[in-house]
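Worksheet: one structure, shown below.
Any read-out appearing in this document is the output of simple, stated calculations on the displayed coordinates, not a laboratory observation. The structure displayed is predicted, hence computed values, not measured ones. With ideal geometry, Cβ positions are generated from the backbone for all residues, glycine too; neighbour counts draw on all protein chains shown.
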Amino acid sequence: MEKILTTLLIFSLFTGFLAFLLTLAKKTIGNYGIMKVTINEETEIEMEGGDTLLSGLTEEKIFIPSACGGKGSCGYCKVTVESGGGEILPTEFGYITPEERERGVRLSCQLKVKEPIAISIPEELFNVKEFHPTVTAITDLTPNIKHIFFTFPEGEEIQFKAGQYVQLRAPKYPGNHEEVFRAYSIASSPTEHNQVELIIGLVPDGICSTYVHKHLSVGDKVAITGPYGDFYYQDSAREIIMVAAGTGMAPILSILHQMKAMNSERRTLFYFGARHEEDLFFLERMKEFESDLVSFEFIPSLSKPHNEADWKGQLGRVTTCLQRDLMEPCEREAYLCGSPKMIDSIVEVLIEKGIPEEYIYYDKFS
């Protein structure tokens, strides 16, 4: 017993000494002082030297997208470094293309500011804000998908484009010891400024989706930042092809709300892919859009219906439907939301059907 206690004492002293050395190093070797960060050649902020650029910008209420909470695993938090910043790190290689590297693109969560630095970010990020809405309704759309309403406090409003997304923060909860942000497309109308609707699917072992499905309740206050994203409705005269699966319906819903508010008469086909009948949702809402929008048609397609004889809709994958339906040459544009594999296969079909790639807008999510 005495030997065990002696060993524990030595181990405690050793770890305590290491902690002291780390603290001392941070205050001496790692103390870079206050550093200046110049943004878009006109805005200047100061931040603690040695901190990551992402954390310094967040402290100044400049919110760069970051779904992984700054761990370097999502690749969202890209900025362009004009000067300073040092060499790109190995942890960034998997998320930055050679072309981006040439332009000075970096992951702000990996870049530690140890010298004055100048960066460029999209101007719209200056309009991104942090909100603290209250959960006012939660509905089960399917066994694994929830529809949540978040209402902002009086006097607090959000301005967004149909198709954009926000980031929801999952706090620490039993089984999760870290705060993380995850990106979710807004499903509500951009004409509504005092609330947002999100459609969130349960991801196995997903930190934020588990929080939403297992812990979030009506009346809870949450933290949301946004809006983000360059996937949004384009006002033109082209015929529209929409394609989504699962929670990918969210930004398409927002776009449909926008079109309804505009009394749009654009010919619009919305292909929604699912496996089984129980994976379909908002069917009544789609009928309402078909009534409100004179040239809108909702086309659900099941790849594995439980009872094929009773299913009256399309059969097969959405790509099969597109191959069959898009026969006549026409000026079209497309809005797609789904997994990377799904998006890539659909883009290939649409290009084959004569839609120029520059008119194919998509939002990929994992």
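Counting beta carbons within 10 Å around each of SER55, SER189 and listing the fewest first gives the order SER55, SER189. In the range 77-122, Cα pairs under 8 Å separated by at least six residues give a relative contact order of 63 percent.
Beta bridges assigned by DSSP with both partners in the chain are antiparallel in approximately 60 percent of cases. Computed from the C-beta positions of LYS36 and LYS312 and an R0 of 51 Å, the FRET efficiency is 0.20 to the nearest 0.05. Taking a ≥ b ≥ c as the square roots of the Cα gyration tensor eigenvalues, the range 85-159 comes out prolate, since a/c reaches at least 1.5 and a/b is larger than b/c. Relative to the longest principal axis of the Cα atoms of the chain, the long axis of helix 2-27 lies at roughly 80 degrees. Charge tally for ILE240 (other residues, Cβ to Cβ under 10 Å; Lys, Arg +1; Asp, Glu -1): +2.
Given the options THR268, THR142, THR151, state which has the largest fluctuation in a GNM of the chain using a 10 Å cut-off (strictly under) for Cα springs. The residue that fluctuates most here is THR142. Excluding same-chain neighbours fewer than eight residues apart, the aspartates and glutamates reachable from LYS341 by a Cα-Cα span under 14 Å are ASP363. If you run the Gaussian network model on the chain, springs between alpha carbon atoms under 10 Å, then out of PHE282, PHE149, PHE131 the most flexible one is PHE282. Convex hull volume per residue, computed on the Cα atoms of the chain, equals 197 Å³. Charge tally around LYS129: other residues with Cβ under 14 Å, Lys/Arg +1 each, Asp/Glu -1 each, net -3. Across the chain, the mean sequence separation of Cα contacts (distance under 8 Å, 6 or more residues apart), normalised by length, yields a relative contact order of 12 percent.
Which one, ALA137, ALA67, ALA162, has the greatest fluctuation when you compute a Gaussian network model over the chain with C-alpha springs under 10 angstrom? Highest fluctuation among the options: ALA137. Taken as Cα centroids, the range 198-261 and the range 44-90 sit 26 Å apart, rounded to the nearest whole angstrom. Assign one of three labels to the range 281-366, namely rounded, prolate or oblate, based on the Cα gyration tensor with a ≥ b ≥ c the square roots of its eigenvalues; rounded applies when a/c is under 1.5, prolate when it is not and a/b is larger than b/c, and oblate otherwise. Because a/c hits 1.5 or more and a/b exceeds b/c, the range 281-366 counts as prolate.
Note on the range 128-228: along the principal axes its Cα atoms extend 36, 27, 24 Å, ordered by decreasing extent.
For the range 200-239, the equivalent ellipsoid derived from the Cα gyration tensor has semi-axes of 31, 14, 10 Å, listed largest first.
The ranking of LYS146, LYS341, LYS304 from fewest to most other beta carbons within 10 Å of each one's beta carbon is LYS341, LYS304, LYS146. Estimated purely from DSSP H runs of n ≥ 4, each contributing -39500 (n - 2.57), the mean residue ellipticity at 222 nm for the chain is -7000 deg cm²/dmol once divided by its residues.
Sorting TYR233, TYR361 by the number of Cβ atoms found within 10 Å of their own Cβ, with the fewest placed first, yields TYR361, TYR233.
With the convex hull drawn around the C-alpha atoms of the range 34-125, the volume per residue stands at 88 Å³. The label-point distance for GLU328 and SER73, in a model that sets each label 7 Å from Cα toward Cβ, rounds to 5.0 nm.
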